[in-house]
Each structure stands twice: as structure tokens, then as C-alpha cells.
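See below for the structure under consideration.
The values are calculated or read from the model by the stated rules, or taken from the named source; none is laboratory data. These numbers were taken from a predicted model, which means no experiment stands behind them. Quick reminder, even Gly has a Cβ in these numbers, built from the backbone with ideal geometry, and neighbours come from all protein chains shown.
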Amino acid sequence: MIESRLKQLRKEKDLTQKELADKLNISKGSIAMYETGKRSPDNEILSTIADFFDVSTDYLLGRSDIRRYSEEILAFNTTEHLTDDDLKLVKDLIETLKHKNLQSK
């Protein structure tokens, strides 16, 4: 799953494999291997990639479809008994409220 997610995120930022590799201080070959599934990043590189794209490692690994959990939700530790679907619903609600509030300004 990381291969498709990494490629998608890289393309969303309009970066070449070389440009991304330079930003992450790794080789272009490593990026190419991650994107083709021939190699997997170690935990340190995985965290670096997640931080760069502002997504969770769970999202990169395909364990969740939620790119980033809200820090406010995590701070209240309300995610313990919530499913990925529940978290997506909360995220969607937050986005809807943000959009509504932006329109009313």
C-alpha cells in the first residue's frame, strides 16, 4: 500500500522522485523502490515521509484511510473505542463546520 500512497502524495505536491529524494535526504533509487514495492522504508524513513507529507504512518501503510488524525481529538483520547469509519465521520464533520464557518465570514 505504501507504494501507491507515496506516489500519490508525491504527485499531489508535483514533485519528481529526485526532488522528493533530495527533500528527504535519501536516494532517488530508494524512492523508486518504495514506489514499486521492491523495498520498504525503515521506521525512521517512514516517519520522515509521514512528517513531510503531514500524514500518519498508518495512512502510508494502508492501515487507515484517514490521512491525519486531528490533534484535538487525540489530545482528548477519544479515539480509543472509535473505528476508522467513526474517525472519518468526525473528520468530515469538522471539515463541514470549517467550510460553513468560512462561508459565514
Response to the item:
The condition of being over 12 Å from the mean Cα position of the chain (by Cα), in a loop (DSSP other than H, G, I, E, B) and among the charged types (D, E, K, R) holds, among Lys38, Lys23, Lys11, only for Lys38
Practice prompt. Those residues that are among the polar types (S, T, N, Q) and without any contact (Cβ under 8 Å) to a residue 24 or more places away in the chain, I need them from region 5-44; list them, please.
Written response: Gln8, Thr16, Gln17, Asn25, Ser27, Ser30, Asn43
Fill in: Sole residue being assigned by TED's automatic domain parsing to the domain that holds Thr16 and either in a helix (DSSP H, G or I) or at pLDDT 80 or above (or both), chosen from Ile49, Ile94
Ile49
Worksheet item: Among the residues of region 13-44 satisfying the criterion of being among the small types (Gly, Ala, Ser) and exposed (fewer than 14 other Cβ atoms within 10 Å of the Cβ), which is farthest from Met1 (Cα to Cα)?
Response: Ser27
